[in-house]
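The values are calculated or read from the model by the stated rules, or taken from the named source; none is laboratory data. Note that the structure is predicted; figures quoted are calculated from it, not measured. We place every Cβ from the backbone using ideal geometry, glycine too, and count neighbours over all the protein chains shown.
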Amino acid sequence: MKPYFVIMNSRMGERKMAQIYEAFKIYFQADEYEIHRTEYAGHAVELARKALASSAKVVVAAGGDGTVNEILQILTHQPISMAILPCGSGNGLARHCGIPLKLDEAIAALKKSAPRHLDVGSVNGRYFISNAGVGFDAIVCNTIRESKSRGLAMYVRNVIRQYFYYRPGTYRIKTEQHELNTPAYFLNAANGKEFGYGFEIASGASLQDGLLDLVIVKEMSFFKGLKLVIDGWRKKLESNSNCVFIKAAEIEIFASDMHYFQTDGDAHSCEGYCRLKLHPLSLQLLIPDGTKHI
């Protein structure tokens, strides 16, 4: 088995796939890698299992946050490294880790990268690497689950559409040191800093500190939403008076009308309860040389 096992999400389009094939030919020898294209939903999980059972040293996730998350389910707590070629629209994890956003540069950087152990979170047993949430963002993620289009414009359209129908709930939150009941528009547990597109939900988050950064967004109006977006893009959300920040390794969230949660942008069902847990240093991810703060 060749050392680099590349799992390429075929939904990215022929142009990007051709770029990947050409760049690997330039930077790698033929006996160093093999590329597997996904053929249906969930195929990345099966391919990751195949890679784990082989003698591959690195599983390369070529796709967006959804592809990374699927492969993460198999490689967490395993003695094999993961690498990311950011082919999605948000690419928040790649930005956090200093992975180049241009495909040829990201592929060239693979040989100049080293595995570093990172924290992984989970919600009701489902792993995530960047963030997870309930409330408004989970509802939005659920509405776009079946959408064939991607990108910032599609996300913004769905945010605006759901804004007029969504009614915030009241949540009971328990951590090791806190217990509170609070109304909230949404709650997001950040492991990494970014939502994507350069928006930082938790600028103080680290992928190696053994903690999740829970962000409670209390209210939402047009002006508060605009300020939230501006502060996130300016990387100053922690100064926003409409947000509460709590660090914890385990978080329990209760709400009678909570039916969905999202992990790395993918929606999943729940029935009034979410248990979030941090798994310290449980994933080996290739990080480019020179990246200091993760």
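If you check 257, 264, 209, which single one turns out to be out of contact with any His (no Cβ under 8 Å at 6 or more places or on another chain), touching a residue at least 12 places away in the same chain (Cβ under 8 Å) and within 19 Å of residue 173 (Cβ to Cβ)?
Values: 264 fails: within 19 Å of residue 173 (Cβ to Cβ); 209 fails: within 19 Å of residue 173 (Cβ to Cβ).
Among 257, 264, 209, only 257 is out of contact with any His (no Cβ under 8 Å at 6 or more places or on another chain), touching a residue at least 12 places away in the same chain (Cβ under 8 Å) and within 19 Å of residue 173 (Cβ to Cβ).
Does residue 219 fit the bill of being assigned to a strand (DSSP E or B), surrounded by fewer than 22 Cβ atoms within 10 Å (Cβ to Cβ) and of a type in the set (Asp, Glu)? If you could, list the steps in order and put the result at the bottom.
Details: assigned to a strand (DSSP E or B): no; surrounded by fewer than 22 Cβ atoms within 10 Å (Cβ to Cβ): yes; of a type in the set (Asp, Glu): yes.
Spelling it out, it is not the case that residue 219 is assigned to a strand (DSSP E or B), surrounded by fewer than 22 Cβ atoms within 10 Å (Cβ to Cβ) and of a type in the set (Asp, Glu).
Take residue 290 and decide whether it is within 17 Å of the chain's Cα centre (by Cα), surrounded by fewer than 21 Cβ atoms within 10 Å (Cβ to Cβ) and either in a helix (DSSP H, G or I) or not β-branched (Val, Ile, Thr) (or both).
Answer is no for this residue.
Restricting to region 40-75, give me the number of residues that are charged (D, E, K, R) and under 21 Å from residue 267 (Cβ atoms). Let's see the steps before the verdict.
Looking only at region 40-75, we keep the residues that are charged (D, E, K, R), and these are 46, 49-50, 57, 65, 70.
Filter once more, so that each one left must be under 21 Å from residue 267 (Cβ atoms): 65, 70.
Total satisfying the criteria: 2.
Would you be able to say whether some residue in region 230-248 is at positive phi and buried (at least 20 other Cβ atoms within 10 Å of the Cβ)?
Within region 230-248, the subset at positive phi is 235.
In the following step, the residues that additionally are buried (at least 20 other Cβ atoms within 10 Å of the Cβ) were identified as none.
Checking region 230-248: not a single residue is at positive phi and buried (at least 20 other Cβ atoms within 10 Å of the Cβ).
Being part of a loop (DSSP other than H, G, I, E, B) and more than 17 Å from the chain's Cα centre (by Cα) is the requirement here; does residue 271 meet it?
Numbers: part of a loop (DSSP other than H, G, I, E, B): yes; more than 17 Å from the chain's Cα centre (by Cα): yes.
Answer is yes for this residue.
Each row is one residue, and each column tells you yes or no for (1) at pLDDT 90 or above; (2) hydroxyl-bearing (Ser, Thr, Tyr).
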| residue | (1), (2) |
| --- | --- |
| 51 | yes, no |
| 57 | yes, no |
| 63 | yes, no |
| 71 | yes, no |
| 76 | yes, yes |
| 91 | no, no |
| 95 | no, no |
| 98 | yes, no |
| 102 | yes, no |
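If you scan region 246-294, which residues turn out to be more than 23 Å from residue 187 (Cα to Cα) and of a type in the set (D, E, K, R)?
Our first condition is that a residue be more than 23 Å from residue 187 (Cα to Cα); within region 246-294, this holds for 281-293.
If the condition is that a residue be more than 23 Å from residue 187 (Cα to Cα) and of a type in the set (D, E, K, R), then 289, 292 are the ones that fit.
Could you tell me how many of the residues in region 212-234 are of a type outside the set (Val, Ile, Thr), in contact (Cβ under 8 Å) with a residue 40 or more places away in the chain and in contact with a strand residue (DSSP E or B) (Cβ under 7 Å, 6 or more places away or on another chain)?
Residues meeting the conditions: 2.
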